[in-house]
Structures are given as C-alpha cells and as structure tokens.
Amino acid sequence: MSRKIILDTETTGLDVTRNHKIIEIGCIEIIDRKFTGRKFHQYLNPQREIDQGAISIHGITNEFLQDKPLFKDVKDDLLEFIGSAELIIHNAPFDIGFLEHEYKKSKHKIEINKICNIFDTLVYARKLHPGQKNNLDALCKRYSVDNSSRDFHGALLDARILGDVYLAMTGGQTSFDLVKESNSKKRNVYEKKNTDHFVVQMADDNELREHNELCNKIDKASDGRCIWNISKI
C-alpha cells in the first residue's frame, strides 16, 4: 500500500525566525494514487498578530482564530495522521520549517524527514519545466487542474489542488480496469485459467516519475509530439 499525505499550511507571516506561527493545517490522504476521503484540517490560534500581507493572501483574521486551539493541542493528532506516510508538499522547506518550529515550541522536538519521506512538488516541477513559472496556479494551468474556487489561499483547498497536480505530474490517477482489479485484490499477479501463469509487474511511483521526466524531455524536443506522456492521456 502506497500511502501519501498532501500537506499545506497557512501562517501569520513568511519568516519562522521572527516567531511567525502556523494558523491552518490541511492534510489529505492518498492511497495507491486515489483520494480516500480522509483528511486532517485544523485552524490554530497563533497567540500573535497576523501580518497584513499574510491576511491579504489567505484571508484569515485574528478575530476568527481567537477561539481556535493551540498547536500543542493538536500536535499528537497531526503526528498520528501523517504517520510514516510520504508527505507531498509544494516548497517543502517552508512548511517543514514551520512545523518543526511549532513542535520545538511545544517541547516536542522532531525532525519530520526522519519519520516521513518528503516529496517536494516545486523541486520536481522545476526539473520538468526549467525556466518556467512553477507556482501552484501555473501548474494548475499547465496540467488543466481546476482552481477556480481559489480566491484566497487555504491549507485544505490548496492541499486538494496540489493532490490533483501531483497525480497529473507523476502520471495521472490510476484508473484503468486492469489496475483497479490489481489494487482491489492487493496483488499484481494474474493467472490464466489453464496451467500457464504470467506476472504483471506494476510500475511504482519512482518509475512513473522517471518515465514522466523522460517523456517531458522528449515532448519538449519534439514540439509536443511525444505520444507516451501519461499525463496527457
């Protein structure tokens, strides 16, 4: 089972070294390249003022957060949710830096990369599309992901959008009938009715990523003529 958590945060400002804090956490679970419906979502009281520049981006106000829990009240639930999953984050150093800062302030120092693998979609997008804009809005446009509801940034909304972008960038959602059968049976061995047997070896996520990187290079060199690019199917 391949379990991934799409994670995003909103904060009081951009600089964690100035004691800016997390005010929203949004996490969405993907298993075997499908959204499961499970999520972790929490607004937080940062016990400090939010920068006006930050409010203009996410629209979250100090008044709205006054009755929300503190990070220390939800830290254990968050750790339990992300477990040992692979975290999918856009510009991971930003979110990871804030999360580790919050845990340290809560006297629960952790290094997230020691309990979870981390996949940074911004780093991956820059490899696929060097010299181009690779923020979330640009990737939505490039991969035809609907972000029309994104008037303001929001951790849970952005996590869902990033999940769609991630699946498109790394090969699309698994939806072919053969693969559905494989996932439902928790196996990738298919038997004929006679005595002959054959094995179908499914590509893992790393192989899909490498395939997609190669196809994007071919696509660029051939002016969009690559016919093996899964993300275009």
I'd like to check something: does the stretch 44-63 contain any residue that is of a type in the set (A, V, I, L, M) and under 23 Å from L139 (Cβ atoms)?
yes
Residue by residue through the stretch 53-100, note down the ones that are modelled with pLDDT under 95 and under 22 Å from L167 (Cα atoms).
G83, S84
So the check is Cβ under 8 Å with 6+ separation or different chains; which pairs have a first residue in the stretch 112-135 that's of a type in the set (K, R) and a second one that's surrounded by 11 or more Cβ atoms within 10 Å (Cβ to Cβ)?
R126/N134; K127/E213
Residues of the stretch 49-63 being surrounded by 14 or more Cβ atoms within 10 Å (Cβ to Cβ) and either in a strand (DSSP E or B) or not aliphatic (A, V, I, L, M) (or both), which ones?
D51, H58, N62
Hey, among Y166, Y103, Y143, which residue is of a type in the set (F, W, Y) and surrounded by 20 or more Cβ atoms within 10 Å (Cβ to Cβ)?
Y166
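If you go through the stretch 33-51 one residue at a time, how many are among the β-branched types (V, I, T) and touching a helix residue (DSSP H, G or I) at 6+ places or on another chain (Cβ under 8 Å)?
1
Yes or no, residue by residue, for (1) hydroxyl-bearing (S, T, Y); (2) over 28 Å from K39 (Cα atoms); (3) at pLDDT 80 or above:
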position: D146; (1), (2), (3): no, no, yes
position: F152; (1), (2), (3): no, no, no
position: L156; (1), (2), (3): no, no, yes
position: R187; (1), (2), (3): no, no, no
position: K193; (1), (2), (3): no, yes, no
position: H211; (1), (2), (3): no, yes, no
position: I218; (1), (2), (3): no, yes, no
position: I230; (1), (2), (3): no, no, no
In the stretch 68-92, residue surrounded by the most Cβ atoms within 10 Å (Cβ to Cβ) [restricted to those that are among the acidic types (D, E) and touching a residue at least 12 places away in the same chain (Cβ under 8 Å)]
E86
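The values are calculated or read from the model by the stated rules, or taken from the named source; none is laboratory data. Quick caveat, the model's predicted, so the values are computed rather than measured. Cβ atoms come from the backbone with ideal geometry, glycine included; neighbour counts cover every protein chain shown.
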